[in-house]
Amino acid sequence: MQQKPDNRLKIENLTVFRSELPLFEPVSFSMKAGEAIQIKGTNGSGKTSLLRCLCGLSHRHQGLIRWNDANIDDVKDDFYAHLLYIGHALGLKPKLSIEQNLDFYQQLRFTQDQAIILQALEQLKIGAYHDELVGNLSAGQKRRVALARIISEPVSLWVLDEPMVALDVEGQAWLERACNQHLADGGMIILTSHQTIEGINGLTELRLNETNWKETYLMDEGLA
Amino acid sequence: MSSPLWSLVKREISVVLRSQSEFVYPLAFFIIVTSLFPLAVTPDPVQLAFLAPGIIWVAALLSILLSLNGFYQADYEEGGLEQLLLAGVPGSSIVIAKSAANWLVTGLPLVMIAPLIGVLFNIDMQANWVAMLSLLLGTPTLCLIGSIGMCLTLGLRNGGVLLTLLVLPLFIPVLIFGASAVQAASIGLDYSGQLAILGALLILSIILAPHAGAAAMKISID
């Protein structure tokens, strides 16, 4: 495990824009090793957009995102070496097997460790299908394959967008255990979920409040 | 352990080889279109030899255009492209890897099959070689230019129509010099100038296309 206990992520007055209008009121938070945050908000409140900005995929935001006190765009290589993002689109190739998919992502991180891939799949109860094409799997199994990356690519910051979706009770319990283990090892987790997650130790909650831009906008225009 | 760029090329190729429609369709399109001309226009060998350079090049250009989508659209929709960017792979490397895979899977077979089509059109040995050589120099350029258009139209509805409009004007110089090289060779003229320009276009697109594609990809993913 390449854990550096001194990694810090700091968000200051961050808000994300869509069509030049802010999606939510500015949020600030900071996290260090062993902390986990659950981002909550209604549908369309900007949870996914926030995570994409956090990962540097999107730049439609205002405010600061700092990794070890430096802007993430300035320390991209270091930040990405510590980051694992699993979004709604899982990034799996349906035409490749489970193992090939996981193996490819390991290679991008300059490692190759088949044993840990098989071990991750075993934990997720999909070890028997490691040669199966991802395209033949069910939605829940695909989610499990994507989540296997949290084991097969040990990094310190996990950013998980709705990781519980499509998982059965057993899968959710596994994810909670994996998260707890990760936090105990000094990792950091940011996740979004509509469910109340009770199994993860010390999970703090961050609620995104919708901006009242509609009223402000209408008042400015003299329409209300 | 191999470098990420090479594993990316390998992955692209193995994905495309597994979906046969992506891989066989452009080649089949090339063979079908070219072999329909003798039936539709004229079976006269002299006239066919005269038409051959243009037909071979137009068909090759269109089949490359057909093949582009398979390398980008699905990867974008499945979230693979953003995972590559998050793994720290530069956008320009992604474009290079995808263009290389695209050419190996689509362009190279076209180059190989072109002499057979040449024989079908009754062009002489010399012109046949030049046709192969011009495709060898020209098709990678088409793949690279096409990748810029593809990166720009990622995630757009009806991106295919827009792609054609964006990319075809840039394909035209390659088409003109490619076909004209074969034409010159078939009437015994010097064709080295046209091949040199094709080579220059290839070098130019190898240098510029990855950066343009990376910039376009960044906008599309944002």
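The values are calculated or read from the model by the stated rules, or taken from the named source; none is laboratory data. These figures come from a predicted structure and were not determined experimentally. Cβ coordinates were reconstructed from backbone atoms using ideal geometry, including for glycine residues, and neighbour counts include every protein chain displayed.
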Item to complete: Kindly list, by first and then second residue, each pair from a residue in the range B:98-123 that is surrounded by 24 or more Cβ atoms within 10 Å (Cβ to Cβ) to a residue that is of a type in the set (D, E, K, R) and in a helix (DSSP H, G or I), limited to pairs with Cβ atoms under 7 Å and residues at least 6 apart or on different chains.
Response: B:98/B:12
Worksheet item: Looking at the range B:75-82, is at least one residue under 29 Å from residue A:103 (Cα atoms), within 14 Å of another protein chain (Cβ to nearest Cβ) and surrounded by fewer than 19 Cβ atoms within 10 Å (Cβ to Cβ)?
Response: yes
Worksheet item: Which condition breaks for residue B:91 when tested against (1) within 14 Å of chain A (Cβ to nearest Cβ); (2) crowded, with 24+ Cβ neighbours inside 10 Å; (3) of a type outside the set (S, T, N, Q)?
Response: (2)
Discussion item. Which count do you get for residues in the range A:104-127 that are without any contact (Cβ under 8 Å) to a residue 40 or more places away in the chain and assigned to a helix (DSSP H, G or I)?
Written reply: 13
Fill in: Check on residue A:104, surrounded by fewer than 16 Cβ atoms within 10 Å (Cβ to Cβ), aromatic (Phe, Trp, Tyr) and within 10 Å of chain B (Cβ to nearest Cβ)
no
Worksheet item: For the range A:129-147, does any single residue satisfy the condition of being within 23 Å of residue A:39 (Cβ to Cβ), buried (at least 19 other Cβ atoms within 10 Å of the Cβ) and among the aliphatic types (A, V, I, L, M)?
Response: yes
Response to the item:
Checked against (1) in the same structural domain as residue A:50 (by TED's automatic domain parsing); (2) buried (at least 16 other Cβ atoms within 10 Å of the Cβ), residue A:170 satisfies every condition except (2)
Worksheet entry | Near pairs, Cβ below 8 angstrom, 6+ apart or cross-chain, from the range A:195-224 (farther than 18 Å from residue A:13 by Cβ and modelled with pLDDT of 80 or more) to any residue that is of a type outside the set (Phe, Trp, Tyr) and part of a loop (DSSP other than H, G, I, E, B) | A:195/A:164; A:197/A:164; A:202/A:34; A:202/A:35; A:203/A:197; A:204/A:35
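With respect to residue A:47, determine if the residue is in contact with a Gly (Cβ under 6 Å, 6 or more places away or on another chain), touching a residue at least 12 places away in the same chain (Cβ under 8 Å) and under 20 Å from residue A:194 (Cα atoms). Give the steps one after another, and end with the answer.
Details: in contact with a Gly (Cβ under 6 Å, 6 or more places away or on another chain): yes; touching a residue at least 12 places away in the same chain (Cβ under 8 Å): yes; under 20 Å from residue A:194 (Cα atoms): yes.
Answer is yes for this residue.
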Response to the item:
Among the residues of the range A:43-84, the number that are more than 14 Å from chain B (Cβ to nearest Cβ) and assigned to a strand (DSSP E or B) is 7
Item to complete: For the range A:128-150, name all the residues that are at pLDDT below 90 and part of a helix (DSSP H, G or I).
Response: A:128, A:129
Worksheet, complete the sentence: A careful count of residues in the range A:76-108 that are small (Gly, Ala, Ser) and under 19 Å from residue A:189 (Cβ atoms) gives 3
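Here's the yes/no breakdown for (1) surrounded by 15 or more Cβ atoms within 10 Å (Cβ to Cβ); (2) closer than 15 Å to residue B:117 by Cβ; (3) touching a His at 6+ places or on another chain (Cβ under 8 Å):
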position: B:5; (1), (2), (3): yes, no, no
position: B:11; (1), (2), (3): yes, no, no
position: B:14; (1), (2), (3): yes, no, no
position: B:18; (1), (2), (3): yes, no, no
position: B:30; (1), (2), (3): yes, yes, no
position: B:36; (1), (2), (3): no, yes, no
position: B:39; (1), (2), (3): no, yes, no
position: B:43; (1), (2), (3): no, no, no
position: B:46; (1), (2), (3): no, no, no
Fill in: Residue tally, condition surrounded by fewer than 19 Cβ atoms within 10 Å (Cβ to Cβ) and touching a residue at least 24 places away in the same chain (Cβ under 8 Å), over the range B:205-222
7
Worksheet item: Quick one: is residue A:74 under 21 Å from residue A:182 (Cα atoms) and either in the same structural domain as residue A:30 (by TED's automatic domain parsing) or charged (D, E, K, R) (or both)?
Response: no
